[in-house]
Structures are given as structure tokens and as C-alpha cells.
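The values are calculated or read from the model by the stated rules, or taken from the named source; none is laboratory data. Nothing here was measured: the structure is a model prediction, and the numbers come from that model. FYI the Cβ positions are ideal-geometry reconstructions off the backbone, even for glycines, and counts take in every protein chain you see. Calculation scope for accessible area: heavy atoms of the full protein, side chains included, ligands and nucleic acids excluded. Shrake-Rupley method; radii C 1.70, N 1.55, O 1.52, S 1.80 Å.
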Amino acid sequence: MADVIHNLGTGFAAFTDPTFVLLALVGVVLGTVVGVLPGIGPIGAMSVLLGMTTQLGPTGSLILFAGIYFGSTYGGSTTSILLNVPGEASSVVTALDGHEMTKRDRAGSALTVAAVSSFVAGTVAIIGLMLFAPWLSGVAVELGPPEYMALCIAGLLLLAALSSGSTAKAIAMICAGLAVGTVGIDPAAGDLRFTMGTTDLAEGFSFIALVMGVFGVTEALTTTGRRWRPEPVRAPKLKELLPTRQESREAAPAAVRGSVIGFLLGLVPGPSGVLSTFASYVTERKISRHPGRFGKGAVEGVAGPEAANNAAAGAAFIPLLALGIPFAPTMALVLAALLLNGIVPGPTFINDQPEMFWTVIAAMYIANLALLVLNLPLVGLFTRLLSIPPQVLMPMVIGLCIVGVYAENNSMFDVVVMLVTGLLGFALRRVGFSMAPFVLAVVLQPTLETSLRQTLAFSDGNPAYVLGRPVTMVILGLVLVAVALSVRRALKTPAPAGDD
């Protein structure tokens with residue numbers, strides 16, 4: 001414990017550099033803004049800023065992206081509570097009781113409960129990251145190629161099985177992402193693969209161009225096409241922000257339970273933020289003595305899901321930093337930012353880069369506190385952002401995407417790739433395809449290919465080599481169970497009326 005306190009002190013000492021403080025605050029504010037504005041989200045913001053990460057450096061990039069991620073998970077709750085307009089998918093559950101509290105003139109109390117619950121959950125997640133990431137890194141050093149192959153397969157298939165919508169469509173996007181990831185130089189033979197005779201693809205597709213296309217451009221086109229009308233909103237006054245004693249007593253245990261649920265589900269591949277909020281809400285309703293209050297303004301229905309959402313956001317960093325494997329699309333972008341700066345996270349990351357790791361931990365504490373201090377007084381300012389028409393805002397997003405992609409390699413080919421993938425992403429989204437499995441597959445393809453080749457080489461084609469590794473079989477067994485449950489759920493779901 002003494003070593004943890006000493007290392008954390010070293011991390012805070014790095015914030016004598018005002019640049020790190022500024023990046024943390026900018027990340028929090030920007031994250032809150034994209035959380036408030038429906039349709040953009042942390043993935044869109046990170047994809048637009050991905051091209052800047054080489055100028056910020058690896059530590060600065062992690063601080064900025066962590067602030068955006070934490071801020072967006074909180075920002076979505078503001079419009080959910082005040083307007084019944086979830087800025088993020090993970091804030092849908094918050095709207096059920098949060099907006100009902102607004103109708104009863106308890107909007108200020110709901111916002112305070114959401115902010116404090118988020119702060120508690122964020123603190124729990126950061127403590128868990130400090131304690132468990134170094135331990136998991138020590139365990140991960142003992143893992144071999146079969147285990148990493150199994151983890152990559154688990155991350156992709158669980159994302160497909162647990163995502164909303166069609167599992168078959170998610171698997172199709174995973175296959176497309178793996179195919180796109182193979183373009184370029186064969187890492188084993190050194191030959192060019194699927195480059196279609198152009199030198200522009202010798203190093204594969206630019207990840208920045210792909211991400212800005214399928215998230216930045218696609219989100220901009222999707223949001224611009226929606227019908228828009230300004231939402232009238234009355235931000236609560238400061239004196240209205242204090243919850244009653246009864247509300248505080250009901251919210252406190254719900255926030256603690258939500259923090260634990262969110263942290264555990266944050267370690268699972270897939271949309272952990274959304275899953276954790278639903279799990280917390282169901283838990284609170286089942287253990288409540290008065291379940292009929294839920295959906296009518298129960299404060300536990302705000303505290304639990306908001307805590308779960310933020311705890312899941314913090315826990316998602318653990319598999320990325322300790323294993324080098326992102327279990328969520330947002331973490332895939334954080335991984336890309338590190339790789340662009342020449343940093344490869346994995347089992348030796350914390351030992352090789354201790355100063356960076358503990359500086360980022362300190363940044364998370366600062367960002368978490370800044371969210372609590374800044375967001376309640378500025379709630380009126382953030383909600384006024386909803387008065388900006390998307391037809392004005394989204395062309396600016398596309399412009400930033402073009403500048404960011406071109407600046408990476410000074411390549412118009414990358415700009416064309418971004419625009420084409422953006423249009424394809426827009427068309428695919430209209431017919432029910434999600435882009436998250438595609439991006440995660442592109443990121444995991446090199447690790448999956450390398451570990452698969454090494455496994456085949458070590459086993460000499462003998463399946464007993466994999467069958468004799470307990471960790472690999474446990475991981476693959478859990479994947480099979482999750483996929484089987486997903487298929488069973490799909491078979492039980494009735495077809496929409498009118499379908500043949």
C-alpha cells in the first residue's frame with residue numbers, strides 16, 4: 001500500500017506541468033458537451049481528435065481521452081433528466097426516473113444525485129484500476145499465444161452477442177473489419193496483401209481515416225438527417241440542487257451497489273456502459289420495498305444507473321492497459337492513440353511506463369473531481385448547446401475530420417478513404433448495422449493473426465495443445481455460453497409485424 005501511495009504521489013507531481021491540468025479540464029468539458037449533444041458521443045469526439053495525439057504525446061493523449069470518456073458518461077444524464085433526451089445510450093435508463101423527478105420540480109435534486117453518484121463510482125473505479133491493473137499485468141505475463149487468441153475471439157464475439165440489434169449483422173461487421181485489417185504487408189512473409197497494386201495501401205488502411213469515416217462522418221450525416229426542433233429547458237437554480245435527507249438516504253446505498261455492478265461489468269467485452277445501467281436499475285427495483293415507485297421518480301433509479309455507468313467507464317481501462325486488448329470501441333481509440341505514439345500497452349506496460357500509468361491515474365482523480373465541481377453550476381450553459389441546429393454543427397465536424405486525416409500523412413488518398421467509409425457507414429447504419437464491431441475487429445486483427453500463427457506453429461497442428469490449456473478453454477467456453485444465450489434470445493424474440 002505504501003508503494004501505491006508513493007506512486008500516486010508521483011503521478012500527482014506530474015501535474016505541476018500546467019499542460020496536463022489543461023488537458024484534463026479540456027477533456028472533461030469537451031466530454032460533457034458531446035455527452036449532452038445527442039448523436040456525437042465520446043467515440044465521435046475521440047475519432048476527430050485522434051490525429052492530434054501525436055502532438056500531445058502518449059501521456060497527454062491518455063489524459064485527454066480519459067477526460068472525454070468520463071465527461072461524456074456524465075453529460076448524457078443532464079439532458080436525460082431535464083429533457084428526457086438521452087445524450088448517450090447509457091443514459092436511457094436515467095431518463096426513466098430522472099425526468100419524472102423533473103416533472104415533480106425535483107430536477108435539481110436529480111442532477112445532484114447523478115453528479116455525486118458519478119463521483120463515487122468514478123472514485124471506486126479508479127481505486128480498482130490502481131489495485132487490479134498491476135495484479136492483472138503480473139498474471140498476463142504468464143499467458144501465451146493461445147490465451148491471447150482466445151481473448152481476442154472473446155472480445156469480438158461477446159461484443160456481437162451482447163450488442164443490441166442483430167447478432168448476425170454484428171458478426172458480418174467483425175468479418176469485414178478482420179478483412180480490412182489484413183490489407184498491407186504480411187507480418188510473417190513480408191509480402192504485400194490485397195493492395196490492388198497501389199502503394200498507398202502498402203501499410204494498410206489508415207486507422208484514423210477509417211475511424212473518422214465510420215464514426216465522425218457517419219455520425220454527422222446521421223444527425224444532420226434527423227428532424228430538429230429547439231428544446232425549451234429551465235435549468236435549476238443553485239438553491240434547488242440540494243436533495244432532501246430522505247432522497248440522500250435512498251440514493252447512497254444505490255450508488256454503492258451501482259458502482260460495484262458497473263465495475264464488474266466494465267471488465268466484460270461489449271457495451272458495458274449500457275448493460276451496467278440496466279443491470280443496476282433491475283437490481284434496485286428488485287430489492288426495493290416499494291418497486292412501484294420506479295418509473296415515477298424513484299431517486300434510486302437515478303443514483304444506481306449513473307454510478308454503474310461511470311464505474312464501467314473506469315473499469316474499461318483495466319483490460320486495455322494490463323492486457324493490451326480493448327474490450328470496447330472507445331478503448332480501441334485509446335489504444336490507437338497510444339500506438340500512434342509508439343506505446344504498446346500490455347502485460348509489461350505498467351512496469352515499462354510507470355510514470356505514464358500513475359500520471360493518468362492522477363488525471364482521472366482530477367477529472368472526476370472537476371466533473372463534480374464544474375457541471376452543476378454550468379448545467380444551464382451545457383443545456384443551451386441543444387439550441388444549436390445540427391445542420392450548423394455537423395458540417396464543422398466533417399471539416400475537422402478532413403483536416404485531421406489529411407494532417408496525419410498529407411495524403412488525399414486517406415481523405416477519400418474517410419469519405420467513402422463515412423458514406424458506407426451511413427448506408428449500413430440505415431439498415432441496422434453497427435460500426436463498433438467493425439472498428440474493434442480492425443484494431444484486434446494484428447494481435448489475433450499473430451497469436452493464431454504462433455499457436456499453430458507451437459502446436460504443429462495438434463488440437464490437443466489448445467485443449468490442454470485450461471485458461472484458453474475457460475475463455476472459449478464462456479464465449480460459447482454467451483453466444484448460445486444470444487441465439488436463444490434471438491429465437492424467442494417475435495418478428496416485427498408485417499415481416500414475411
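Could you compute the FRET efficiency for V4 and Y465, with r as their C-beta to C-beta distance and R0 at 41 Å, rounded to 0.05? Working from the Cβ atoms, E equals 0.60.
Between the amide H of I185 and those of R193, G204, distances stay under 5 Å, these residues lying 5 or more places away or on another chain, with hydrogens modeled in the peptide plane.
Using a probe radius of 1.4 angstrom, the carbon and sulfur fraction of the accessible surface of the chain is 68%. Contact order, relative form, for the chain: 28 percent (alpha carbon pairs under 8 Å, 6 or more residues apart, mean separation divided by residue count).
3J(HN,Hα) couplings calculated from phi for segment 107-117 with the Karplus curve 6.51 cos²θ - 1.76 cosθ + 1.60 (θ = phi - 60°) are, in sequence order, 4, x, 4, 4, 5, 5, 4, 5, 5, 5, 4 Hz; Gly and Pro show x. Heavy-atom accessible area for L156, with the other protein chains in place and a 1.4 Å probe, reaches approximately 10 Å². Calculated FRET efficiency, L480 and I402, Cβ-Cβ r, R0 45 Å, to nearest 0.05? After rounding to 0.05, the efficiency reads 0.55. Going by alpha carbons, how many degrees (0 to 90, nearest 10) lie between the helix axis of 53-83 and the longest principal axis of the chain? Value to nearest ten degrees: 40.
Per-residue ellipticity at 222 nm, computed for the chain from helices alone with -39500 (n - 2.57) per DSSP H run of at least four residues, works out to -23500 deg cm²/dmol. With the simple model of a label 7 Å out from the Cα in the direction of the Cβ, V282 to R249 spans 3.0 nm.
Under the simplified labelling scheme, the R289-Q55 pair shows an inter-label distance of 5.9 nm, with each label point 7 Å from Cα along Cα→Cβ.
Accessible area per residue for the chain, computed on protein heavy atoms with a 1.4 Å probe, is 44 Å². Each peptide in 185-192, 408-415 was scored by the mean count of other Cβ atoms within 10 Å over its residues; highest first, the order is 408-415, 185-192. Estimated at 0.36 nm per residue, the fully extended path between C175 and V344 surpasses their Cα-Cα distance by 58.4 nm. With the highest mean first, a sort of the peptides 44-54, 141-151 on other beta-carbon atoms found within 10 angstrom per residue produces 44-54, 141-151.
Whole-Hz Karplus values for segment 123-140 come out as 5, 4, 5, 5, 4, x, 5, 4, 8, 8, 4, x, 5, 5, 4, x, 5, 5 Hz, taken residue by residue from phi with 6.51 cos²θ - 1.76 cosθ + 1.60 and θ = phi - 60°; glycine and proline positions read x. Model label points for I127 and M473, set 7 angstrom from Cα along the Cα-to-Cβ axis, are 3.8 nm apart.
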